[in-house]
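Have a look at the structure below before the remarks.
Any read-out appearing in this document is the output of simple, stated calculations on the displayed coordinates, not a laboratory observation. No experiment lies behind these values; they were computed from the predicted model shown. When we count neighbours, we look across all protein chains shown, and the Cβ atoms used for this are built from the backbone with ideal geometry, even at glycine.
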Amino acid sequence: MALQNEDKLEVGYSSLQPKPKKWVLLMLRLLAFFATAAATVVMGLNKETKTLVVATVGTTLIKATLTAKFQHTPAFVFFVIANGLASIHNLVMIMGDSFGQKLDYKGLRLAMIAILDMMTVALISGGASAAAFMAELGKNGNSHARWNSICDKYKTFCDHGGGALIASFAGLILMLIISVMSIIKLLIKPKPDSTIVVP
Amino acid sequence: MIKPKRLLSLLLRFIAFGTTLAAVILMATSHEKGTFFAVSYEAKYTDTPAFKYFVIANAIVTVYGFLVLFLPPGSPIWRLVLALDLVFIMLLISSISAAMAIAQVGKNGNPRAAWLPVCGQVAKFLQPSNRSFSCWFHCTDNLHYSAALLYLQSP
């Protein structure tokens with residue numbers, strides 16, 4: 001009788017415990033997915049065309065069309081790819097959490113989730129950082145290298161790029177919190193007489 | 001004696017500390033002068049905020065790596081070290097990424113923005129005796145060093 005009670009207590013403890021955390025994690029992942037997807041889309045569609053009058057021949061004006069696209073800068077290409085991969089990662093994790101609870105690989109499910117989360121955090125941080133410094137260069141120029149700023153000419157391009165960067169940084173902070181939560185999940189092993197209290 | 005697992009961990013952390021220290025020193029002391037059509041250039045790491053960020057980030061991680069080397073094995077602070085490892089990995093990756101982005105522009109230029117490549121540009125022109133400043137080449141070395149240490153931070 002006592003043993004059965006203890007078993008019930010164990011099951012109750014371990015099944016009750018992750019539930020509030022599970023919803024929080026899912027919500028965070030959803031938010032992070034939206035943030036990184038928004039960053040990818042906004043930067044991916046970032047394009048501005050300007051026509052300048054280059055010369056006047058007689059009465060006809062010769063115009064030059066210049067475009068600013070995100071593909072011109074490798075840092076922005078990396079930014080788009082990194083955020084795209086992060087969105088895919090978040091999507092896969094959301095699917096896995098909602099529909100694939102039974103999927104496991106030799107008991108390493110939590111470890112794999114934690115490792116993948118960490119790798120995604122690193123990826124987003126790299127992409128956001130490179131794009132941030134390229135954007136700063138485009139906005140302020142660099143007098144030492146005689147590089148002029150381009151943001152006064154391509155204002156919409158810079159604005160959209162800035163918006164994508166903000167979204168990506170928000171996604172980065174969310175991913176960091178998610179990663180920390182995944183690692184904490186890994187460290188806590190539910191025991192019946194455990195003295196570790198989960199906050 | 002020291003357990004082999006602890007010894008390996010110490011060794012990895014020492015290598016990590018060494019590489020970040022090397023990155024900081026190389027970037028901070030690379031400093032080159034050149035003249036280009038009677039205008040003298042001096043290239044230092046303080047020219048670009050990206051390189052300043054790189055130096056500061058690597059300096060922080062060097063200090064952290066140094067302190068962690070002396071942490072006794074049974075101490076409860078290792079849980080904090082686990083969390084801080086993650087934070088510093090992120091900081092390092094972001095600093096490498098930023099410096100590499102700017103170095104790439106410095107090396108290849110960006111013709112659409114009328115940004116001339118800074119490394120080696122003078123060699124193309126007809127100045128006979130001038131050699132352009134090549135400090136931006138140093139950063140690729142630094143970056144390789146720092147990248148190696150990321151994988152070493154996890155144990």
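FRET efficiency for the pair A:Ile81 and A:Lys22, taken as 1/(1 + (r/R0)^6) with r the Cβ-Cβ distance and R0 = 25 Å, rounds to 0.25.
Take every pair of alpha-carbon atoms less than 8 Å apart whose residues are at least six positions apart; their mean separation over the length of segment A:28-144 yields a relative contact order of 29 percent. Shown is the FRET efficiency for A:Thr156 and B:Ala83, computed with R0 = 45 Å from the Cβ-Cβ distance and rounded to the nearest 0.05: 0.65. A simple spin-label model places pseudo-atoms 7 Å from Cα toward Cβ; at A:His72 and A:Ile166 they are separated by 2.4 nm.
Amide H contacts of A:Trp147: A:Asn142, each under 5 Å away and 5 or more positions distant or on a separate chain (H built 1.01 Å from N in the peptide plane; Pro and chain starts excluded). If the segment from B:Val63 to B:Thr29 were pulled out straight at 0.36 nm per residue, it would be longer than the present Cα-Cα gap by 10.4 nm.
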